[in-house]
Amino acid sequence: MAKEGAQRAEETEQMIEKEGGKEAAESSGPGSLRAGDTKEMRAVVLSAFGGLNKLRVSKKAMPEPQEGELKIRVKACGLNFIDLMVRQGNIDNPPKTPLVPGFECSGIVEALGDSVKGFEIGDRVMAFVNYNAWAEVVCTPVEFVYKIPDDMSFSEAAAFPMNFVTAYMMLFEVANLREGMSVLVHSAGGGVGQAVAQLCSTVPNVTVFGTASSFKHEAIKDSVTHLFDRNADYVQEVKRISTDGVDIVLDCLCGENTGKGLSLLKPLGTYILYGSSNMVTGETKSFFSFAKSWWQVEKVNPIKLYEENKVIAGFSLLNLLFKQNRSGLVKGVMDKLLNLYNNKKIKPVVDSLWALEEVKEAMQRIHDRGNIGKLILDVEKAPTPLMANDSTETSEAGEEEEDHEGDNENKERMPFIQ
């Protein structure tokens, strides 16, 4: 398999060399690049923070691995809600633009930097990347790379790291999930929500309460114990079923849901904030939405926590990896998760596959909360014919034309559904 993977990677690189070096080849002979020319690759580029029109696919110089890094020929990339917040600049200390978004990918090892051990050229891998994942080639330190099980597809592998590590660490490392406990998770139909539901099923007698858009209920009803509409009064519904509330609340919404979640906690219960998707109400960053969401957050009184025996916590996997240097801890969690996968206890849920050129439509699907499971950018997928007149390569010409939330044309552009 390693030999086959290496051969495929070599063929792909030759194809990109041919495309990226076409102009050079005309001057120096067929199929070759002039000395000093840089190999190029396709990548999704965010030109500035803002709406969907700030994204396009461009040619960029191909990176080469530094010491301790792996060079990966990317097959698939994960798309997460945090990527929408990055696009808007709706995060703390955003990096400078232009940049290549994306934090996770899967592919084939194409080259090894100095001092890299444990991997060979041709290995099938998945990886965390500190930006730059949405490209044909990425380089990332070896401590963020993991081998893919033989029966896991590249799209499944791109859907695995962020969602399952986040879900596992919140449930078991922070909240200490045990037999007989109860969990409330918002956005139960999303990638993290589905990972939470699967991991809860590995522990006996765990009750899962979930909120999700009503049109998702039929598809996910078997993954949770009790399912509520995201716009309903879920607090009263939960208390009707469980008078004392729940042991764990996993909140990716923030805003008014913070106070609601704390009110539902049993004594010794744990509330964990791991996102703030309620702040993303439009295509571009809105100061009003940001202020409104934070204004709705209940002010936490430490004395009240003490009196009620409640725990409030936060979790950011990206900060844990890239700012707090806990890659060793995450590696141990990945080992446990891959063991669960190999024993067929968990399996990533892939909503749909999109070409790099369809990144705008993929982001709109997440924004509209239309996905069940994970959206994947498939690097080798050709865009659907409907995209032919809407190439992201020329989108800058329409810079002032914003794609609007709920745009019917976007919703009709459905990719291959796995």
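Quick look at the values:
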| read-out | value |
| --- | --- |
| Given (1) at negative phi; (2) modelled with pLDDT of 95 or more; (3) open to solvent by 40 Å² or more (accessible area, probe 1.4 Å), number of the condition K344 does not satisfy | (1) |
| Odd one out for L227, checked against (1) open to solvent by less than 20 Å² (accessible area, probe 1.4 Å); (2) out of contact with any Pro (no Cβ under 9 Å at 6 or more places or on another chain) | (1) |
| Output for region 135-189, where each listed residue is part of a loop (DSSP other than H, G, I, E, B) and either outside the structural domain of T258 (by the TED database) or under 16 Å from V74 (Cβ atoms) (or both) | E136, I148, P149, D150, D151, M152, S153, A159, F160 |
| Residue in region 119-130 that is surrounded by fewer than 17 Cβ atoms within 10 Å (Cβ to Cβ), part of a loop (DSSP other than H, G, I, E, B) and under 19 Å from the mean Cα position of the chain (by Cα) present | yes |
| Residue in region 152-170 that is open to solvent by 20 Å² or more (accessible area, probe 1.4 Å), under 28 Å from E40 (Cβ atoms) and aromatic (F, W, Y) present | yes |
| Scope region 190-207; condition buried (at least 24 other Cβ atoms within 10 Å of the Cβ) and assigned to a strand (DSSP E or B); matching residues | G190 |
| Boolean, S352 is small (G, A, S) and in contact with a Lys or Arg (Cβ under 8 Å, 6 or more places away or on another chain) | yes |
| Only listed residue being within 29 Å of G261 (Cα to Cα) and open to solvent by less than 30 Å² (accessible area, probe 1.4 Å), chosen from V350, V311 | V350 |
| Failed item in (1) open to solvent by less than 20 Å² (accessible area, probe 1.4 Å); (2) over 19 Å from P348 (Cα atoms), with S106 passing the rest | (2) |
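The values are calculated or read from the model by the stated rules, or taken from the named source; none is laboratory data. Fair warning: this is a prediction, and the values are worked out from it, not measured in the lab. Methodologically, a virtual Cβ is constructed for each residue, glycine included, from the backbone with ideal geometry; neighbour enumeration extends over all protein chains shown. These accessible areas exclude ligands, DNA and RNA; they are computed on the full protein's heavy atoms, side chains included. Shrake-Rupley method; radii C 1.70, N 1.55, O 1.52, S 1.80 Å.
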